[in-house]
1. Arg97's amide H: which non-local residues (gap 5+, or another chain) put their own amide H closer than 5 Å, with H modeled 1.01 Å from N in plane and none for Pro or chain starts?
2. Write down the percent of antiparallel bridges among all DSSP beta bridges whose residues are both part of the chain, to the nearest 5.
3. What is the calculated FRET efficiency for Thr365 to Gln10, with r their C-beta to C-beta distance and R₀ = 56 Å, to the nearest 0.05?
4. Consider a paramagnetic label point 7 Å from the Cα of Phe218 along Cα→Cβ; state which residues of the range 311-337 have an amide N under 17 Å from it.
5. Could you order peptides 55-68, 12-25, 222-235 by the average number of other Cβ atoms within 10 Å of their residues, highest first?
6. What ³J(HN,Hα) values, in whole Hz, does the Karplus curve 6.51 cos²θ - 1.76 cosθ + 1.60 give for the range 299-304 when θ = phi - 60°, with x put for Gly and Pro?
7. What is the Cα centroid distance between the range 101-179 and the range 261-328, reported in whole angstrom?
8. Order these peptides, 273-282, 37-46, by their mean beta-carbon neighbour count within 10 angstrom, highest first.
Amino acid sequence: MKIHEYQAKQLFEKFGIPTTLGSVATTSEDAVSIAEAMGLPVVLKAQVLTGGRGKAGGVKIADSLKDVKEIARTILGLTIKDCRVLKLLVTPAVNIRSESYLGLLIDRSISKVTFIGCAEGGVDIEETAKTCPSKLLRLELSVKELSSLTEADCMPFARGLLADAPQAIDAAKIMVAMGKMFLAQDCSLIEINPLVVDEAGTLQALDAKVLFDDNALFRHPENTALNDPDAEDPDEAIARNSHLTFVRLDGEIGCMVNGAGLAMATMDTIKYYKGSPANFLDAGGSSDPAKAIAGLKLILSDKRVKAIFINIFGGITRCDDVANGILAARKQFEVNVPIVIRLVGTNEAEGRKLISGSGMIVADTMEQGAQMAVEMGQRS
Ligand code: GDP
Ligand code: MN
């Protein structure tokens, strides 16, 4: 789960990571009163759940209240990478002496939590990683090592980030605080870009990006509450609320499958028959008809979908529950593309009986079902 910069900065403050906290405005008038109380100059920052706001004109410094009003109005009218800007963070402007990059993430390829650093921050770190990987610093830690991390452990890395000794010590302190926050909040990413040294030589997190591990959110109701429904991708919201794993792709065959492995095999089989999957959808190993309804709704919201292949291997999932879910969905909204369905396993006979006469095409095997869905898709 993603959160906004202003929310991430509030967590930074709680964990002792120095940052420019600021206040949030939703109108240009709000922005002006905040700036008036804060003192000029201020930075106005679009709060959207996507990166590269600076380049898109979503981060601007204002020196006068007149500028605040005009810039706030402009930024609040922007759409950055499909995200409408509805909130604006107003922070005191910092005079920057230097910018660096500091991130903490899970490197799954080595099963370690890893600090990534770069003395040249602010810019696009993905670009630096590609063009000049030798500029990146790494500190790879097991979870156990992270849980007992000390400033001394961080010093070699911190000195690579900032040559000045007192500043390196401050960076090491920030790293220890990031480690505590990462574990305590079950984060999957904490990113500070830029981490700046200001005119007084003080370190500050000028930007903040935090991702929470969705699978651990149940332990943090206060973090779940940070979710901003206005800013979230509507598909992702439906999928999460319905406990579906859903990834939209660009093909024409919608897929609804129970189990991630079977879902991938289904996509491969569709490809084998020269079709192209419109999505990955794992409805999981449960028997809730509501999932079938939500799944079909997600699939059908993509107008490129020409046919749907429902591939169910019933174990814990009961085929009759899935059939009931699909029938209920067809009562709730119009399904105007052909559906091919393969139902095998628990309560298969009951499931097939329910859908007989419904106009859906029943396949006996996965191969047959995939092939029929591809053919129906080409015809419609
Ligand atoms: P991003 O583009 O979404 O990563 O937004 P950032 O918050 O990182 O801001 C982009 C850039 O704006 C930073 O790298 C800084 O160069 C600049 N910037 C942000 N805040 C300030 C500030 O307080 N003072 C100055 N001088 N520049 C800032
Ligand atoms: Mn940034």
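1. Sorted by chain and number, the residues that satisfy this are Val197, Asp198, Glu199.
2. Here the share of antiparallel DSSP bridges comes out near 70 percent.
3. That gives a FRET efficiency of 0.55.
4. none
5. Descending mean neighbour count gives 12-25, 55-68, 222-235.
6. So the J values, rounded to whole Hz, are 4, 6, 6, 9, 6, 6.
7. With the range 101-179 and the range 261-328 each reduced to a Cα centre, they are spaced 42 Å.
8. Per-residue Cβ counts within 10 Å, averaged per peptide and sorted highest first, yield 273-282, 37-46.
Computed from the coordinates by the stated procedures, all read-outs in this text should not be read as laboratory data. As the structure is a computational prediction, the values presented were derived from the model and not from experiment. Neighbour counts are summed over all protein chains in view; Cβ atoms, including those assigned to glycine, are modelled from backbone coordinates with ideal geometry.
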